[in-house]
Amino acid sequence: MSAEQTQRTMDRYFELMGRSADFGTCYTSDVTWLIAETGEVVRGADAVRDYVIALHATMVDARTRTYIVGESFVYLEGDCAARGSGESGRTNYCVAYELADDAIAAMRCYGLGGRPAL
């Protein structure tokens, strides 16, 4: 995929996510989400979508600091606060996305630990 195709796919993904629509339609059927700190893997479009929804429910004031788009990949760096932790309890994270055929095929998350529980 070209960087432009990758950007269009990600724009659609975040647009759907932002309006609480089914962003799982942006995943391949065998998409994976790797939690780097624990090595746990969530597999399948519905399971990954549900995990991302649960993860976002634990994050407050998520901010994107760096967003890099290339041919079939995206790197997103940001930070967030956990519910109830305030500004001093911010966590840095990075999500690496791999795309194929205009869909997200794999994601690797670094820095958010194992939350939420699988």
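Some observations on this one:
- Taking label points 7 Å from Cα along the Cα-to-Cβ direction, residue 91 and residue 14 give a separation of 2.1 nm.
- Working from label points 7 Å from Cα in the Cα-to-Cβ sense, the residue 53 to residue 22 distance is 1.1 nm.
- For the chain, calculated [θ]222 nm from helices alone, where every DSSP H run of n ≥ 4 adds -39500 (n - 2.57): -8500 deg cm²/dmol
- All C-alpha pair distances within the range 3-110, sorted into 10 Å bins from zero, spread as 15, 47, 33, 5, 0 percent across the bins.
- For residue 31, the residues whose modelled amide H falls within less than 5 Å of its own, excluding neighbours fewer than 5 places apart on the same chain, are 44, 45.
- For residue 73, residues with placed amide H under 5 Å, excluding near neighbours: 99
- Extension gain, residue 65 to residue 2: 0.36 nm times the residue separation minus the Cα-Cα distance gives 20.4 nm.
- Each of 56, 44, 96 was scored by the projection of its Cα onto the charge dipole of the range 3-110, and the greatest displacement toward the positive side belongs to 56; charges sit on the C-beta of Lys, Arg, Asp and Glu.
- Going by neighbour counts of Cβ atoms within 10 Å, the residues 53, 104 line up, fewest first, as 53, 104.
Every number in this text was worked out from the coordinates using simple rules, so none of it is lab data. All of these numbers come straight from a predicted model, not from anything done at the bench. Cβ sites come from the backbone with ideal geometry, for glycine too, and all protein chains shown count toward neighbours.
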